[in-house]
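Below is one structure, written out as structure tokens, with a few remarks after it.
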Amino acid sequence: MAENNYQSRYAQLVFFDRGHEIKSVLINQPQVTIGRRKQGSTCDVLLDSELVSSQHGIFNYYRGEYYYTDCVNANGTYLNGKKIPKEPNMSSRAQKLRDGDILTIGVNSVTGDKTVNILFSTSARNDYVWNACSLNSSQSKILIGRDPAQCDVV
């Protein structure tokens, strides 16, 4: 890729699919497709969830902006809690993405058991490693911070 076509820092997609490892992918090409893992799939990012269609969505980089298009699929995609509108058996219009947007495949809830959540980030470092942390519901408070001696989540 020519350096002048892209920012020196690419946008990052972070996939949270319950029961699977967190997956982080850079959008380092003009188009990145997501779809379900199956034999013969040609998508760039393959997910194991039954909620994801063969080709579920497309992320595009165009004129310095990032966009998401929801393809023809059974479950659709929510952008920050609102279902992306589209006509039956058609793809949606491209939705402009902003740093911190959350796309959800499944139900309209990032906490649902049967969802795939995708964090879109332009501010996270490209070499950042994402980790999951189990939270115990019996804890009355959880301290998040930098100090490993004092914080529950570092």
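The values are calculated or read from the model by the stated rules, or taken from the named source; none is laboratory data. It should be emphasised that the depicted structure is a prediction, and the values quoted were computed from it without experimental measurement. Positions of Cβ are generated from backbone atoms using ideal geometry, with glycine treated the same way; all protein chains shown enter the neighbour counts. When the accessible area is computed, the model is the full protein with side chains, heavy atoms only, and any ligands, DNA or RNA have been set aside. Shrake-Rupley method; radii C 1.70, N 1.55, O 1.52, S 1.80 Å.
Count of region 72-91 residues, restricted to those that are farther than 22 Å from VAL14 by Cα and hydroxyl-bearing (Ser, Thr, Tyr), is 1. Looking only at residues of region 96-145 that are exposed (fewer than 14 other Cβ atoms within 10 Å of the Cβ) and at pLDDT 90 or above, we find that the one that is farthest from the chain's Cα centre (by Cα) is LYS96.
Selection of region 12-31 for residues being under 27 Å from GLY64 (Cβ atoms), open to solvent by 40 Å² or more (accessible area, probe 1.4 Å) and either β-branched (Val, Ile, Thr) or assigned to a loop (DSSP other than H, G, I, E, B) (or both) yields ASN28, GLN29, PRO30. In region 32-66, of all residues being open to solvent by less than 60 Å² (accessible area, probe 1.4 Å) and among the aromatic types (Phe, Trp, Tyr), the one that is nearest to THR115 (Cα to Cα) corresponds to PHE59. If the condition is being open to solvent by 50 Å² or more (accessible area, probe 1.4 Å) and touching an Asp or Glu at 6+ places or on another chain (Cβ under 7 Å), then region 67-91 contributes ASN80, LYS86, SER91.
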